[in-house]
Number of protein chains: 2
Amino acid sequence: MAKAKKEALDLSTEEKIKEAAGVVFTKKGYGNARTRDIAEEAGINLALLNYYFRSKEKLFQIVMAERIEKLFGVLAPILNDASTTLDEKLENITENYINMLLEHPDLPIFVLSEIRNNPEQLANRLQAPKILKESAFVRQLMERRSDINPLHFVINLLGMNLFPFVAKPVLQPIMGNEDFYRQMMEQRKKLIPMWMKLMLDHS
Amino acid sequence: MAKAKKEALDLSTEEKIKEAAGVVFTKKGYGNARTRDIAEEAGINLALLNYYFRSKEKLFQIVMAERIEKLFGVLAPILNDASTTLDEKLENITENYINMLLEHPDLPIFVLSEIRNNPEQLANRLQAPKILKESAFVRQLMERRSDINPLHFVINLLGMNLFPFVAKPVLQPIMGNEDFYRQMMEQRKKLIPMWMKLMLDHS
DNA sequence: AAATTATTTAATCAAATGATTAATTACTGC
DNA sequence: GCAGTAATTAATCATTTGATTAAATAATTT
């Protein structure tokens, strides 16, 4: 039985719809998702969707805000934590990201492709520029290696974490079964910080 | 004036439609693209689209096959080239990839998100597993570092190259203008092989 | 329990959208 | 120049789809 179905038993109608919208939007994207798909997934009448959320677009905005927060919200607290070292931040980010992504593997491709479809509306919601200039992480990085462009470093860190999930549909057939995929992602929890430290320490 | 418009002058109708479909599908994705958008972009009557290509779906398949080839086709010849060293392959892949991606920045997110929407149909078209087991690249890699999982290595290589483009809508606001973005991607042509060699050489 | 409000449903609407048709124009071989 | 084929167009169809409506049911208030 699908996850949403069993959760539905004890959720309010509004929550059921939001949950179902999350499932359907994330799986198919805004353009391929039908409000009827969402209603069916939620086990409710189609009219209820509009009763609670006015429109497909409004419902999508709500789901999208949650997903953006889930995908990027993990970062800020870790990057801004003044009490951890740079190395610890690399480990914390990777550990948190991979754990979250193993639970929500389709999150990155969904968020990134929807941002592509609507950059002006969605991209500015991210406080990315601010974090990148003012975070403890970037400060520590520049102190340690003033010759390394923090942006390249962050791109590599995020890329190593996110890319295997963005490309999962391509990688999965290579790896065979789901278990082996998970196993490799588990390995990366240790490997990614190690590789990032190599970049940090090379002369 | 849009690229398609000026090319349109000397292209056959069929080619105009295919070009326009490429533009519209790549920008909006299958679900968000309207056949009318494509017809307008091509400067032709809507009925002509079906006259030449039968259906939106058929047209999409043709465009998609081209794009998959463009995104992954670069890889095979380089990975299989027995006459180059491992280090040279890293440089060749990166140089080729970044050049191509600077011309087609929205290609990766398009292909990956469409594969997500239709994995069974699209993912198996890639001969990825074969390449990964049998390529000169993997052979050389295993000879040099039998302790490194080639799959992790390839994920990192592809991630470093592709991720900045997959995440371009997010990164762009951080970088400010387009020129600075291009400049950073140019830098990565040298940096990515260097980082990959670090992973290869670490003890 | 009557009245009021909130929730839910079936039926329906109107617009969007992929596709087709029938007629028109352009082209090609003779 | 004409017959026949190919290319193109405007108009239209049939479905799909987001949204609404009016009626029914459930919950809450008084």
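Dipole orientation for chain A: of the candidates A:V24, A:G159, A:I98, A:V24 has the Cα lying most toward the positive pole (charges on Cβ; Lys, Arg +1; Asp, Glu -1). Between identical copies, the spacing of A:D81 label points, each set 7 Å from Cα toward the C-beta atom, reads 4.4 nm from nearest to farthest. Relative to the longest principal axis of the C-alpha atoms of chain A, give the angle of the C-alpha long axis of helix A:107-117, reported between 0 and 90° and rounded to the nearest 10°. Compared with the principal axis, the helix lies near 80 degrees. Please identify every one of the GluC sites (Glu not before Pro) in the range A:102-183 that sits in a loop by DSSP and has no more than 15 other beta carbons within 10 Å of its own beta carbon. Qualifying residues, ordered by number: none. Charge dipole (Cα centre; +1 on Lys/Arg Cβ, -1 on Asp/Glu Cβ; no other charges) of chain A amounts to roughly 440 debye. Taking the centroid of alpha carbons for each part, the range B:134-194 and the range A:174-195 are 18 Å apart.
Given a Förster radius of 41 Å and the C-beta distance between B:E69 and A:E66 as r, what FRET efficiency does 1/(1 + (r/R0)^6) yield to the nearest 0.05? Efficiency, rounded to the nearest 0.05: 0.65. Between A:D87, A:D106, A:D147, the GNM of chain A built on Cα springs shorter than 10 angstrom shows A:D147 fluctuating the most. The range A:37-103 and the range B:90-116 have Cα centres spaced 27 Å apart. When the square roots of the Cα gyration tensor eigenvalues are ordered a ≥ b ≥ c, the ratio a/c for chain B is 1.5 or more and a/b exceeds b/c, which makes its shape prolate.
A Förster radius of 25 Å, combined with the Cβ-Cβ distance separating B:A82 from B:K197, puts the computed FRET efficiency at roughly 0.80. Annotation for A:L102, label-to-label distances across the other copies: 3.9 nm (shortest first, one decimal, point 7 Å from Cα along Cα→Cβ).
Comment: the Cα-to-Cβ extended label point of A:N149, at 7 Å, lies 3.1 nm from its counterparts in the other copies, nearest first. Between the listed residues B:P193, B:L11, B:M64, the Cα displaced farthest toward the positive end of the dipole of chain B, a dipole computed from Cβ unit charges relative to the Cα centre, is found at B:M64. Neighbouring Cβ atoms from other chains, within 10 Å of the Cβ of residues in B:155-166, number 6 on average. Helix A:150-166 against the longest principal axis of chain A: what's the angle in degrees, Cα atoms only, rounded to the nearest 10? Rounded to the nearest ten degrees, it is 40. Dipole magnitude for the range B:65-165: computed about the Cα centre from +1 point charges on Lys and Arg Cβ and -1 point charges on Asp and Glu Cβ, it is near 320 debye. Taking label points 7 Å from Cα along the Cα-to-Cβ direction, A:R145 and B:E57 give a separation of 5.0 nm. Rounded to the nearest 20, the Cβ-based charge dipole of the protein assembly as shown about its Cα centre (Lys and Arg +1, Asp and Glu -1) stands at 600 debye.
In this rough spin-label picture, where each label sits 7 Å from Cα along the Cβ direction, the A:R125-B:L11 distance is 3.4 nm.
Computed from the coordinates by the stated procedures, all read-outs in this text should not be read as laboratory data. Computed from a predicted model, the values in this text were never measured in an experiment. Methodologically, a virtual Cβ is constructed for each residue, glycine included, from the backbone with ideal geometry; neighbour enumeration extends over all protein chains shown.
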